Amino acid sequence: MDRIQKALEKAKQRHAQKPEPIRVEPTKSDDRASQHEDPLAAPIESISYSQTKVVNVPNHQLERKRIIAGFYNNPQSAVFRMLRTQVLKKMRSNRWQTLAVTSPTAGEGKSVVAANLAMAIAMELNQTVLLVDMDLRNPSISNYFGLNAQVGLKDYLSGDLKLSDVLINPGIKRLVILPGVGRAEDSAELLSSPKMASLVADIKSQYDSRVIIFDVPPVLQTDDVSLAASYFDSTLLVLEDGKNTESNITKSLQMLEGSHLLGTVVNKSASPPEHQNY
């Protein structure tokens with residue numbers, strides 16, 4: 001833990017940048033919604049999904065997969081709600097809508113963090129969340145939520161599917177998932193395609209109250225994150241406690257430089273958070 005903290009402090013001193021706030025100009029109301037029905041859009045107070053497949057995932061199945069942010073009886077769930085508060089405060093102050101969750105290497109728990117953060121944010125009554133599995137080479141969000149998805153982002157980008165064909169609500173209000181299914185060897189080409197750019201523009205513009213979380217590949221193992229960097233307003237770096245060398249952390253921070261890094265999450269720590277038993 002001390003090694004990670006020292007590496008982060010050293011890298012932060014060398015590469016820290018003050019985030020520039022994104023200025024959003026108010027748009028005039030029009031009839032765009034009536035022309036293009038948004039399968040995600042619904043009144044936050046009483047959401048019902050008519051254009052999105054609903055799969056009611058049992059709570060015990062979510063807990064078995066470590067998706068626990070919504071369960072107050074689980075003491076570890078508070079960690080993700082605290083993370084939610086910190087992330088939303090930063091994003092709202094800068095009017096950011098999209099967040100990429102990554103890690104230096106595979107197996108550090110970025111997808112679990114992304115899934116729990118999405119669930120925690122969806123618990124807010126005035127907030128909707130879209131969780132996108134953008135790790136096209138190793139998608140896992142569908143498995144964590146037990147969705148058994150048949151089509152996903154890869155199929156949407158390479159085929160002729162409608163967005164509503166791939167979206168799934170896991171039985172959690174205000175949360176919709178765009179899963180990944182199957183490995184895409186041409187992930188770089190798909191992520192840099194005009195169709196991907198159009199998809200991101202559409203899901204960002206259609207619903208002002210939506211936070212979009214992208215579970216993206218490890219930053220040191222593929223160029224997918226660099227290729228898709230323009231889609232993200234901000235990023236979150238997940239580090240497994242004791243796994244990374246100082247050079248790995250420093251290189252990851254260098255590659256994420258300019259991406260509005262919100263901070264880091266130390267995962268799989270041997271020491272529980274101090275507030276866990278409060």
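For the range 83-156, what does the alpha-carbon gyration tensor say about shape, rounded, prolate or oblate, given a ≥ b ≥ c as the root eigenvalues, a/c under 1.5 as rounded, and a/b over b/c as prolate? Prolate is the answer for the range 83-156, as a/c is 1.5 or above and a/b outweighs b/c. With Cβ to Cβ distances under 10 Å as the rule, what net charge do the other residues near A114 carry (K, R +1; D, E -1)? Here the count lands on -2. Computed over protein heavy atoms with a 1.4 angstrom probe, the accessible surface ordering of R84, R92, R183, largest first, is R183, R92, R84.
Heavy-atom accessible area for H60, with the other protein chains in place and a 1.4 Å probe, reaches approximately 120 Å². With a simple spin-label model that places each label point 7 Å from the Cα along the Cα-to-Cβ direction, the separation between M82 and L161 comes to 3.8 nm. Rounded to the nearest whole Hz, the Karplus-based 3J(HN,Hα) values (6.51 cos²θ - 1.76 cosθ + 1.60, θ = phi - 60°) of the range 109-118 follow the sequence x, 4, 5, 5, 5, 4, 5, 5, 5, 4, with x at glycine and proline. Counted over the range 115-243, the DSSP beta bridges are approximately 10% antiparallel. For K195, the accessible surface of its heavy atoms amounts to roughly 70 Å² (probe 1.4 Å, protein chains only, rounded to the nearest 10).
Around the amide H of N267, modelled in the peptide plane, lie the amide H atoms of L239, E240, D241, all under 5 Å away and 5 or more residues distant in sequence or on another chain.
Taking amide H atoms as placed 1.01 Å from N in the peptide plane, the amide H of F214 lies under 5 Å from those of L99, A100, V101, V132, each 5 or more residues away in sequence or on another chain. Of the trypsin sites (Lys or Arg not before Pro) found in the range 126-166, the ones in coil according to DSSP and having at most 14 other Cβ atoms within 10 Å of their Cβ are K162. The simple Förster model, with R0 at 25 Å and r as the Cβ-Cβ distance, assigns N148 and K251 a FRET efficiency of 0.10.
Tell me the accessible surface of D160 in square angstrom (1.4 angstrom probe, heavy atoms of protein chains only), to the nearest ten. Near enough 150 Å² of accessible area.
The values are calculated or read from the model by the stated rules, or taken from the named source; none is laboratory data. These figures come from a predicted structure and were not determined experimentally. So basically every Cβ, Gly included, is an ideal-geometry build from the backbone, and we count neighbours across all protein chains shown. Areas reflect the complete protein model, heavy atoms only, side chains present, ligands, DNA and RNA absent. Shrake-Rupley method; radii C 1.70, N 1.55, O 1.52, S 1.80 Å.
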